[in-house]
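Q: Below: one structure in structure tokens.
The values are calculated or read from the model by the stated rules, or taken from the named source; none is laboratory data. Just so it is clear, the model here is predicted, and its values are computed rather than measured. Note that we place each Cβ from the backbone using ideal geometry, even for glycine, and neighbour counts take in every protein chain shown. Note: areas computed on protein heavy atoms with side chains; ligands, DNA, RNA excluded. Shrake-Rupley method; radii C 1.70, N 1.55, O 1.52, S 1.80 Å.
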Amino acid sequence: MKKSILFGLLLFLLASCGPKHQITSPNGRIAVCLTLNKAGEPCYNLKFDDEELIRPSRLGVKSTEGDLCGEFTLQGVEYFSHFESWEPVWGQFAEIYDHYNALKATLVNEQNETLQIEMRLFNDGLGIRYLLPGEGSRHITADCTEFRMGGDYSAHWIAGTPDDDELQYQHTSLSEITPEACHAAAPNLRKRLTCGVNTPVTMQSPSGATLALHEAALWDYAGMSLSFNTEELCFTASLSGDEEVKSTVELPFSTPWRTIIVGDRAGALVESTLTLNLNEPCRLEDTSWIRPMKYVGVWWEMHLKKSIWDRDGQYPHCATTENVKRYIDFAAENGFGGVLVEGWNVGWGRNEQFDYTQPYPDFDIEELCRYGEKQGVELIGHHETYANVENYERQMSDAYAYYKELGINNVKTGYVGRIAGRNHYDQSMVNHYNRTVTEGAAHKLCIDIHEPIHPTGICRTYPNLMSAEGMRGQEWQAWNKGNCIDHNPTLPFTRNVAGAMDFTPGIFDLRYHNTINRAAATKDGSVNPDYDYQYFVNSTLAHQLALYVVFYSPIQMVADLPENYREHPEALQFLREVPVDWAETRCLEAEIGDYVVTARRKKRSEDWYVGGITDGTARTLELRFDFLKPGITYHATLYRDADHAAWDKFPTAYTVEHFSVTNSDLRSINLAPGGGFALQIQVDRSFIPKLLQPR
């Protein structure tokens with residue numbers, strides 16, 4: 001470790017003296033070079049282990065006041081290094097190392113305008129941002145940041161849209177990202193598509209080098225997608241917004257970071273902390289009220305049409321006092337911290353004019369808060385806007401104060417639909433989403449945003465931003481044909497790279513009709529082939545358990561109905577015990593879109609949890625336990641697919657096995673098509689006194 005750091009520092013010092021203004025990562029594996037081309041345009045390239053992943057690519061921004069993209073001369077370059085560690089309030093790691101080498105270049109163009117470019121190079125990638133000095137305002141019309149790829153890499157992407165990340169991932173070469181392919185990937189959004197992708201977009205070179213393009217620290221600026229030139233294999237930043245001016249900023253201003261996460265394997269993306277490290281430290285003095293949790297919800301039953309959000313008379317109303325008490329009882333019985341309630345407030349079905357402080361008459365919110373408090377279960381409020389943002393902004397402060405008076409500590413927001421006069425990712429909506437977080441912090445409310453801008457790591461600064469949707473989640477399994485079978489093994493390397501992901505896992509009743517005809521399935525988990533199942537979840541039950549480890553979020557929904565969990569008490573036991581806050585995270589093995597195995601250590605413990613999932617292909621994985629502490633015997637409980645299980649037949653069939661394990665062991669585990677496994681590894685309690693020493 002020390003040799004690697006010293007070698008990286010030596011390369012850094014040598015590079016800083018050279019004419020090309022090069023920096024290297026602390027471990028010496030990544031090198032970035034900043035130059036000016038003949039037109040005075042700032043350009044950079046990036047190499048990883050001497051492989052050029054990003055060819056010389058232009059940098060700069062354009063505005064109505066003048067372009068800051070070319071005709072520059074270099075006034076000076078400042079080099080610096082940084083090393084510290086910090087502890088997140090919650091996360092995938094108990095401690096994060098913030099270690100980078102950096103440069104800041106000052107450029108002046110022929111109009112005597114100044115642009116500064118800052119680059120920070122970590123062991124897991126690069127961040128680039130622009131510093132705009134001066135006074136007054138600047139009206140940004142374009143971000144000219146390019147990513148000229150070093151080859152026709154394999155790519156994992158969703159089509160670039162201004163409103164929607166809830167799309168199926170495409171797995172193609174870069175040269176196959178064409179206008180036709182983008183339109184085919186999102187046929188219902190053809191009029192709003194460009195030839196490009198939403199971020200994060202993930203790629204792999206033939207050598208196995210893996211990289212993801214994204215952004216970090218998005219404040220007061222339009223969100224970024226990437227347009228794509230197929231012939232040149234070049235991505236270019238594209239700012240969201242329907243008007244010429246995409247972002248109006250007050251000077252001096254620092255833009256969001258444009259990021260390239262880099263590693264030698266797919267799992268390096270899961271383990272990266274670059275996005276968080278590029279954000280400012282926590283601004284909240286007191287974070288004791290921010291608590292990770294698992295929760296249940298009055299939610300899935302509406303997708304099954306067992307009840308409905310609105311009191312329309314066609315279906316039973318979901319958010320009744322009696323029904324919610326049933327969920328509170330189930331949460332208390334199983335140690336789940338909260339109950340999400342949707343459809344509780346006046347306004348559903350009335351032109352989206354929601355009232356966020358007025359419950360429906362059959363929902364006694366005060367009684368339910370008292371009832372939950374006695375059992376150690378809190379209500380999680382829900383604010384759907386149906387994209388009527390102005391209505392929500394008028395009521396936000398009062399609505400948050402109302403929740404706080406009731407003792408509610410968490411709120412889930414929603415923005416279903418098209419927003420009048422703007423889109424989901426433009427500057428005004430970025431500011432709106434961020435206001436929910438800062439206003440929430442002022443009222444000590446935690447926020448979970450659905451239909452959001454993609455996460456960019458601002459949860460480091462405001463850790464009350466607990467999670468977000470921003471992908472095609474579990475709810476799609478209740479509509480149409482659900483998600484593609486390779487969707488879940490893709491998400492850890494795409495959407496989840498951006499930040500915590502509220503996917504809502506844990507469906508146990510994997511074959512159902514909207515009328516919930518339970519007689520069609522037998523107790524052994526088999527399916528009656530003569531029954532017309534209108535909907536089904538494309539996974540096995542063991543796969544659903546594994547998602548609590550494979551997908552990361554500090555709040556995880558236990559999404560199915562209470563009665564469905566009671567039919568599988570052994571699997572429910574895993575959901576009771578699996579944590580949501582971690583000390584270590586390691587992606588042990590993965591092929592993007594095919595399978596993934598992730599191990600996580602529980603915070604303040606030596607207990608580990610491992611989750612593995614696969615696509616439609618059955619696999620046998622050889623699991624090594626070398627991540628465990630040497631010299632300790634652990635007790636393992638394995639939840640795996642039964643030998644006859646598959647996502648399309650016998651999906652609820654699983655087997656529970658118990659065995660002892662040490663860090664030198666190797667074990668074969670079979671995964672069914674669409675299947676998975678979940679593994680709980682607990683320290684033999686005789687070792688506890690030895691483990692009380694700090695690590």
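Q: Go through the range 649-668 and give me each residue that's outside any strand (DSSP E or B) and surrounded by fewer than 17 Cβ atoms within 10 Å (Cβ to Cβ). So that I can check it myself, show each step before the final result.
A: Taking the range 649-668 and keeping what is outside any strand (DSSP E or B), we get 650-653, 662-665.
Residues satisfying the conditions are T662, N663, S664, D665.
Q: Hey, I453 hits all of (1) modelled with pLDDT of 95 or more; (2) over 24 Å from Q556 (Cα atoms); (3) among the aliphatic types (A, V, I, L, M) but one; which does it fall short on?
A: (2)
Q: Moving on to the next point. Residues that are of a type in the set (K, R), touching a Phe, Trp or Tyr at 6+ places or on another chain (Cβ under 6 Å) and over 16 Å from E384 (Cα atoms): does the range 454-461 have at least one? Steps first, answer last, please.
A: Filtering the range 454-461 down to residues of a type in the set (K, R) leaves 460.
From what's left, touching a Phe, Trp or Tyr at 6+ places or on another chain (Cβ under 6 Å): none.
No, there is no match, as no residue in the range 454-461 is of a type in the set (K, R), touching a Phe, Trp or Tyr at 6+ places or on another chain (Cβ under 6 Å) and over 16 Å from E384 (Cα atoms).
Q: Is it the case that the range 437-456 has a residue that's over 27 Å from the mean Cα position of the chain (by Cα), buried (at least 17 other Cβ atoms within 10 Å of the Cβ) and among the charged types (D, E, K, R)? Can you show your working first?
A: Keep residues of the range 437-456 that are over 27 Å from the mean Cα position of the chain (by Cα), which gives none.
Checked against the condition, which is being over 27 Å from the mean Cα position of the chain (by Cα), buried (at least 17 other Cβ atoms within 10 Å of the Cβ) and among the charged types (D, E, K, R), the range 437-456 yields no hits at all.
Q: Look through A599, A618, A642 and report the one residue that is modelled with pLDDT of 95 or more, within 30 Å of the chain's Cα centre (by Cα), under 22 Å from Q573 (Cα atoms) and small (G, A, S).
A: A599
Q: Among the residues of the range 472-493, are any among the β-branched types (V, I, T), touching a residue at least 40 places away in the same chain (Cβ under 8 Å) and open to solvent by 20 Å² or more (accessible area, probe 1.4 Å)? If you could, list the steps in order and put the result at the bottom.
A: Step one: list which residues in the range 472-493 are among the β-branched types (V, I, T), which gives 485, 490.
Those still in the list that are touching a residue at least 40 places away in the same chain (Cβ under 8 Å) too: 485, 490.
Among the residues that remain, those that are also open to solvent by 20 Å² or more (accessible area, probe 1.4 Å) are: 485.
Yes, some residue in the range 472-493 is among the β-branched types (V, I, T), touching a residue at least 40 places away in the same chain (Cβ under 8 Å) and open to solvent by 20 Å² or more (accessible area, probe 1.4 Å).
Q: Being within 22 Å of C587 (Cβ to Cβ), in contact (Cβ under 8 Å) with a residue 60 or more places away in the chain and not basic (K, R) is true for just one of A217, A209. Which residue is that?
A: Details: A217 fails: within 22 Å of C587 (Cβ to Cβ).
It is A209.
Q: Let me ask another. Could you please let me know if V580 is under 24 Å from G381 (Cβ atoms) and either modelled with pLDDT of 95 or more or open to solvent by 20 Å² or more (accessible area, probe 1.4 Å) (or both)?
A: Values: under 24 Å from G381 (Cβ atoms): yes; either modelled with pLDDT of 95 or more or open to solvent by 20 Å² or more (accessible area, probe 1.4 Å) (or both): yes.
It is true that V580 is under 24 Å from G381 (Cβ atoms) and either modelled with pLDDT of 95 or more or open to solvent by 20 Å² or more (accessible area, probe 1.4 Å) (or both).
Q: Ok, one more. Say we look at the range 81-99 and pick out the residues that are open to solvent by 50 Å² or more (accessible area, probe 1.4 Å) and of a type in the set (S, T, N, Q); which of these is nearest to L34 (Cα to Cα)?
A: If we take residues in the range 81-99 being open to solvent by 50 Å² or more (accessible area, probe 1.4 Å) and of a type in the set (S, T, N, Q), then S81 is nearest to L34 (Cα to Cα).
Q: Show me the helices (runs of 4 or more DSSP H) entirely contained within the range 237-355 in which 3 or more residues are closer than 28 Å to V597 by Cα and touching a residue at least 24 places away in the same chain (Cβ under 8 Å).
A: Details: elements: 267-271, 274-277, 300-303, 321-334.
Counting at least 3 such residues, we get 267-271, 274-277.
Q: Answer with yes or no whether T248 is open to solvent by less than 40 Å² (accessible area, probe 1.4 Å) and among the β-branched types (V, I, T). Before you say what the answer is, go through the steps one by one.
A: Numbers: open to solvent by less than 40 Å² (accessible area, probe 1.4 Å): no; among the β-branched types (V, I, T): yes.
Here the answer is no, as T248 does not meet what is asked.
Q: Need pairs with beta-carbon distance below 9 Å; first residue within 19 Å of E113 (Cα to Cα) and within the range 37-60, second among the basic types (K, R); sequence gap 6+ or separate chains.
A: Close Cβ pairs (under 9 Å, with a partner that is among the basic types (K, R)) amount to N37/R58; E41/R58; P42/R58; C43/R58; R58/R148; L59/R258.
Q: Here's a follow-up. In the range 222-236, how many are open to solvent by 10 Å² or more (accessible area, probe 1.4 Å) and either hydroxyl-bearing (S, T, Y) or within 22 Å of the chain's Cα centre (by Cα) (or both)? Lay out the reasoning, then the answer.
A: Restricting attention to the range 222-236, the residues satisfying the condition of being open to solvent by 10 Å² or more (accessible area, probe 1.4 Å) are 225, 227-233, 236.
Now restrict to residues that are either hydroxyl-bearing (S, T, Y) or within 22 Å of the chain's Cα centre (by Cα) (or both): 225, 227, 230, 236.
Final tally of qualifying residues: 4.
Q: Further question on the same structure: So Y392 passes all but one of these: (1) within 24 Å of M293 (Cβ to Cβ); (2) in contact with a helix residue (DSSP H, G or I) (Cβ under 9 Å, 6 or more places away or on another chain). Which condition number does it fail?
A: (1)
Q: For E65, state whether it is in a loop (DSSP other than H, G, I, E, B) and either open to solvent by less than 10 Å² (accessible area, probe 1.4 Å) or out of contact with any His (no Cβ under 9 Å at 6 or more places or on another chain) (or both). Before the answer, list the steps.
A: Working: in a loop (DSSP other than H, G, I, E, B): yes; either open to solvent by less than 10 Å² (accessible area, probe 1.4 Å) or out of contact with any His (no Cβ under 9 Å at 6 or more places or on another chain) (or both): no.
Spelling it out, it is not the case that E65 is in a loop (DSSP other than H, G, I, E, B) and either open to solvent by less than 10 Å² (accessible area, probe 1.4 Å) or out of contact with any His (no Cβ under 9 Å at 6 or more places or on another chain) (or both).
Q: Can T161 be described as in a strand (DSSP E or B), of a type in the set (S, T, N, Q) and touching a helix residue (DSSP H, G or I) at 6+ places or on another chain (Cβ under 9 Å)? Show your work before the answer.
A: Numbers: in a strand (DSSP E or B): no; of a type in the set (S, T, N, Q): yes; touching a helix residue (DSSP H, G or I) at 6+ places or on another chain (Cβ under 9 Å): yes.
Judged against the criteria, T161 is not a match.
Q: Now for a different question. Scan the range 426-434 and give yes if some residue there is farther than 26 Å from C282 by Cα and either touching an Asp or Glu at 6+ places or on another chain (Cβ under 9 Å) or in contact (Cβ under 8 Å) with a residue 24 or more places away in the chain (or both), otherwise no.
A: Step one: of the range 426-434, the residues farther than 26 Å from C282 by Cα are none.
Scanning the range 426-434 turns up no residue that is farther than 26 Å from C282 by Cα and either touching an Asp or Glu at 6+ places or on another chain (Cβ under 9 Å) or in contact (Cβ under 8 Å) with a residue 24 or more places away in the chain (or both).
Q: Applying the selection to the range 275-334, what residues are of a type in the set (S, T, Y), open to solvent by less than 50 Å² (accessible area, probe 1.4 Å) and at pLDDT below 95? Quick ask: steps written out before the conclusion?
A: Within the range 275-334, the subset of a type in the set (S, T, Y) is 275, 287-288, 295, 307, 315, 320-321, 327.
Narrowing the set further to residues that are open to solvent by less than 50 Å² (accessible area, probe 1.4 Å) leaves 275, 287, 295, 307, 320-321, 327.
Within the range 275-334, S307 is the sole residue that qualifies.
Q: Does E52 fit the bill of being open to solvent by 40 Å² or more (accessible area, probe 1.4 Å) and of a type in the set (D, E)?
A: Values: open to solvent by 40 Å² or more (accessible area, probe 1.4 Å): yes; of a type in the set (D, E): yes.
When the stated conditions are applied, E52 passes them.
Q: Could I ask something else about it? What are the residues in the range 100-152 that are under 15 Å from S25 (Cα atoms) and open to solvent by less than 10 Å² (accessible area, probe 1.4 Å), if any?
A: Once the filter is applied, which keeps residues that are under 15 Å from S25 (Cα atoms) and open to solvent by less than 10 Å² (accessible area, probe 1.4 Å), the range 100-152 yields N101, A102, L103, E118, M119, L121, F122, G125, L126, G127, I128.
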